[in-house]
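Notes follow once the structure below has been shown.
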Amino acid sequence: MSRADVVVIGLGFVGVPLAAAAARAGFQVCGVDAAAEKLSHLAESAGAQGSQNPELRTLLTTGQLELRRRGALPDADVYCISVPTPMRADGRIDTAHLLDAAEAVGKAMRKGALVLVHSTCAPGSLEQQVIPLIARKSRLLPGIDFHIAHAPERIDPARGTPTADLPRIVAGLTPQCTKAATTFLRSAFARVVPVSSIRTAEFVKTFENTFRLVNISLANELAEVCRGHDVDPVEVIEAAATKPYGFLPHHPGIGAGGGCIPVVTEFFRASARQRGVIPPMVEAALAVNAAMPGRTVELIRDRLARSWKLSLSRCKVLVVGVTYKPDVVDIRNSCAVQVINRLRVEAADVGYYDPRIPQLRMERGRALRSTARLDATGFDIAVILTKHTTVDYSALRTGALPVLDCSSGTPVPWQDHD
């Protein structure tokens, strides 16, 4: 495909449904990604049972959508950037993929094109980094020679809500940019919500995720307090959720992970500090979240000693579920993986089962492989960290093996659920 209506750069959980939505709307779409193995997997799994994009095979077969490995980008009317902006080991945001994509777009685009950045961005980064880079590489004036706008991604890979049904926030560099971006998005999405500026759109995404982290951390603090009163925090939250106004339920767990909630909350903190503001509630929420894997191990250790007179040292532990949340194939910033690392520091002998993650690369380069099936034979205890809805846990109910379900934040012996 030497020319396309739309080019989507980055074919992850954001880019693939975006490309499919544009193709479904009638655009000729070219999706590009730097990872050859990802492209092969997409082509092989397109239309498979359980796929989040069941129409992908049809779009590929008809030629409405083409997938290719990153190289020089084809000429297009619209360029959509949907690459990741992960958090580095030092806690800073890695913008390398975003800037690389921006440079490629700048080299390929022509006058009159529309550039839409869907990647999650720290407030100010588009105006300070991305737009100047595209302008420099294209030698075109932003807002005059080409349109540029930000439409931060909204997607929940576990729920399967059709991307086209989710309201999309958008803002352009100029009113004309906003109009061009809104017109394009309305052809593929049910509802488009323009806001006043690119920085406002960046803050919308930042606040959405910060709101969730603050409330998840509050739920984890509730669980900590409830433990001291022998009260079930989940029962408290479910009862509170019957209030028809003013309450939105969030649930405790082993900590919020993934590529959005903890990362984007760091955007909020960094943006505040840039203006000399220390946000105490956000600081506290981040601290609570960061402490959860360690606190989970403490609770497991305590429960083992009290209920079964076992020590973590040299205990053979089967961890069940390692993704950052249920029903995804993603271990980015997974608190379950952090729990495994901490269990190993405690000298526990750890194995794991997760049908979605066949292998884990642990600290110091060691690889762990998932057991072929949920079988706790040879282990002293099983610990459920991430509870996939597609896993049959009944195998853990057989025999006298102790089982702790930590998925709701409090290690509960399995028999306590009966």
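Which percent, nearest 5, of DSSP beta bridges in the chain are antiparallel?
Of all bridge pairs located within the chain, approximately 15 percent are antiparallel.
Please give every one of the lysines within straight-line cross-link reach of LYS107, meaning a C-alpha to C-alpha distance under 19 Å, and leave out same-chain neighbours fewer than 8 residues apart.
Correct list for LYS107: LYS137.
Checking the table LYS205/LYS243; LYS111/LYS179; LYS38/LYS179; LYS38/LYS111 against a 23 Å threshold on Cα-Cα, which pairs fail?
Table pairs above 23 Å Cα-Cα are LYS205/LYS243; LYS38/LYS179; LYS38/LYS111.
Take VAL282, VAL105 and order them by how many other Cβ atoms sit within 10 Å, fewest up front.
Values: VAL282 19, VAL105 26.
Fewest-to-most ranking of VAL282, VAL105: VAL282, VAL105.
Arrange the peptides 387-395, 271-279 so that the one whose residues have, on average, the most other Cβ atoms within 10 Å appears first.
Working: 387-395: 13.6, 271-279: 11.8.
The peptides rank, most packed first, as 387-395, 271-279.
Evaluate Rg over Rh across the chain, taking Cα atoms for both radii and Kirkwood's formula for Rh.
Working: Rg = 23.2 Å, Rh = 23.2 Å.
Over the Cα atoms of the chain, Rg/Rh equals 1.00.
Once you charge only the Cβ atoms, +1 for Lys and Arg and -1 for Asp and Glu, what is the size of the charge dipole of the chain about its Cα centre, to the nearest 20 debye? Walk me through the intermediate numbers first.
Working: 48 positive and 41 negative charges, 214 e Å.
Using only the charged Cβ atoms, the result is roughly 1020 debye.
What order do you get for HIS251, HIS118 when you list them from fewest to most C-beta neighbours inside 10 Å?
HIS251, HIS118
Taking the number of other C-beta atoms within 10 Å as the exposure measure, put ILE155, ILE81, ILE9 in order starting with the fewest.
Least crowded to most crowded, the residues run ILE155, ILE81, ILE9.
Between THR390 and ASP230, with labels modelled 7 Å along Cα→Cβ, what's the label distance in nm to one decimal, could you check?
4.1
Using Cα positions and a limit of under 18 Å, work out the lysines in reach of LYS325, with same-chain residues fewer than 8 apart set aside.
LYS387
Hey, can you rank 289-296, 331-338 by average C-beta count inside 10 Å, highest first?
Result, highest mean Cβ count within 10 Å first: 331-338, 289-296.
Once amide H atoms are placed 1.01 Å from N in the peptide plane, what residues at a sequence separation of 5 or more from PHE146, or on another chain, have their amide H within under 5 Å of its amide H?
Close amide H contacts, sequence-distant or interchain: GLY112, LEU141.
No lab work stands behind these numbers, since they all come straight from the coordinates. Predicted model, so just to flag it, every value in this text is computed and none were measured. All Cβ positions, glycine included, derive from the backbone under ideal geometry; neighbour counts span all protein chains shown.
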